[in-house]
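Trainee: Can you read through this structure? Questions will come right after.
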Amino acid sequence: MTKLRLLCIAYAIVLLGAASLNYVPGLTDAEGRAFGIFALDIYDDLLHLASAVWALTAALLSHRAARTFLLLFGTLYLADGLLGLATGSGYLDLGILNYGIQDLPLGFKVLANLPHIALGGIALAAALLDGRRTRLA
């Protein structure tokens with residue numbers, strides 16, 4: 001199994017974990033925020049679950065499917081995280097449409113969007129670096 005396929009399996013595990021955060025006792029505060037930061041709702045849970053299934057499917061199919069997943073997922077999640085950092089709302093969960101631009105402290109926006117920025121950035125970098133290595137070989 002290639003490194004990209006293994007990375008997709010890791011992403012599936014992480015995304016399943018994100019989808020389950022609201023359902024683990026003690027991880028949410030009185031306002032329903034996971035770790036006091038992430039206000040996850042059913043749309044977020046479904047997004048994370050669908051992304052996990054996509055990642056696992058790509059890992060099981062082929063190296064090319066894994067690279068395609070990482071490229072597309074990375075682009076979508078990185079852009080969502082950057083939009084969230086700038087506006088306080090992302091687009092993948094329709095937050096920008098439902099809540100618009102939110103006036104939140106910068107530190108909070110960084111913490112709230114860092115997972116999407118990190119997941120997206122790592123996925124995109126892995127896919128692009130693999131493609132470069134393949135073309136040069």
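Trainee: Of all residues in the range 70-90 being under 24 Å from VAL53 (Cβ atoms) and either modelled with pLDDT under 90 or in contact with a Lys or Arg (Cβ under 8 Å, 6 or more places away or on another chain) (or both), which is surrounded by the most Cβ atoms within 10 Å (Cβ to Cβ)?
Mentor: Top of the filtered list is GLY84.
Trainee: Can you confirm whether LEU104 is within 22 Å of VAL53 (Cβ to Cβ) and surrounded by fewer than 17 Cβ atoms within 10 Å (Cβ to Cβ)?
Mentor: no
Trainee: Another question about this same structure. If LEU119 meets every condition in (1) surrounded by fewer than 18 Cβ atoms within 10 Å (Cβ to Cβ); (2) in contact (Cβ under 8 Å) with a residue 60 or more places away in the chain; (3) under 20 Å from LEU15 (Cα atoms); (4) of a type outside the set (Val, Ile, Thr) apart from one, which number is that one?
Mentor: The single condition LEU119 does not satisfy is (1).
Trainee: In addition: With the requirement that a residue be free of Cβ contacts under 8 Å to residues at least 24 places away in the same chain, in a loop (DSSP other than H, G, I, E, B) and among the aliphatic types (A, V, I, L, M), what does the range 87-104 give you?
Mentor: Matches in the range 87-104: ILE101, LEU104.
Trainee: Oh, and also: Between a first residue in the range 44-59 that is of a type in the set (Ser, Thr, Tyr) and a second residue that is part of a helix (DSSP H, G or I), which pairs have beta carbons less than 6 Å apart while being 6 or more apart in sequence or on different chains?
Mentor: Close Cβ pairs satisfying both conditions: SER51/LEU15.
Trainee: May I ask you to list the residues in the range 1-19 that are crowded, with 22+ Cβ neighbours inside 10 Å and not in a helix (DSSP H, G or I)?
Mentor: none
Trainee: Of the residues GLY74, GLY107, GLY84, which single one is under 14 Å from the mean Cα position of the chain (by Cα), more than 22 Å from ALA10 (Cβ to Cβ) and not in a loop (DSSP other than H, G, I, E, B)?
Mentor: The unique qualifying residue is GLY84.
The values are calculated or read from the model by the stated rules, or taken from the named source; none is laboratory data. Since this is a predicted model, take the numbers as computed values, not measurements. Cβ sites come from the backbone with ideal geometry, for glycine too, and all protein chains shown count toward neighbours.
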